[in-house]
1. Among the residues in the stretch 31-44, are any polar (S, T, N, Q), open to solvent by less than 100 Å² (accessible area, probe 1.4 Å) and more than 8 Å from the chain's Cα centre (by Cα)?
2. Would you pick out the residues in the stretch 1-22 that are out of contact with any helix residue (DSSP H, G or I) (no Cβ under 9 Å at 6 or more places or on another chain) and aliphatic (A, V, I, L, M)?
3. Would you kindly identify the strands (runs of 3 or more DSSP E) lying entirely within the chain that contain at least 1 residues that are in contact with a Ser or Thr (Cβ under 7 Å, 6 or more places away or on another chain), acidic (Asp, Glu) and without any contact (Cβ under 8 Å) to a residue 60 or more places away in the chain?
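The values are calculated or read from the model by the stated rules, or taken from the named source; none is laboratory data. Not measured: the values here are computed from a predicted model. A quick note on method: Cβ atoms are made from the backbone with ideal geometry, for glycine too, and the neighbour counts reach across all protein chains shown. Ligands, DNA and RNA are stripped out before the accessible areas are found, and what is left, the full protein with its side chains, is counted by its heavy atoms. Shrake-Rupley method; radii C 1.70, N 1.55, O 1.52, S 1.80 Å.
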Amino acid sequence: MKQYVRCMHPGSELYMSGFYVDDIPAIQAEAERNGLQLVHHREKNRWAVVKMC
């Protein structure tokens, strides 16, 4: 997550996918430790995509 944040500019959005819905809390926690906030998520067949800013 640190590598993604280093590449982001103010106003950037980060989309991540290819993981299970059950993994969202761990991904969200790591994002928040790096200054990002979970904005939205979608799921299909237990797979997830998240949007963070």
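1. Yes; the residues of the stretch 31-44 include at least one that is polar (S, T, N, Q), open to solvent by less than 100 Å² (accessible area, probe 1.4 Å) and more than 8 Å from the chain's Cα centre (by Cα).
2. Scanning the stretch 1-22 gives Met8, Val21.
3. So the answer is none; nothing clears 1.
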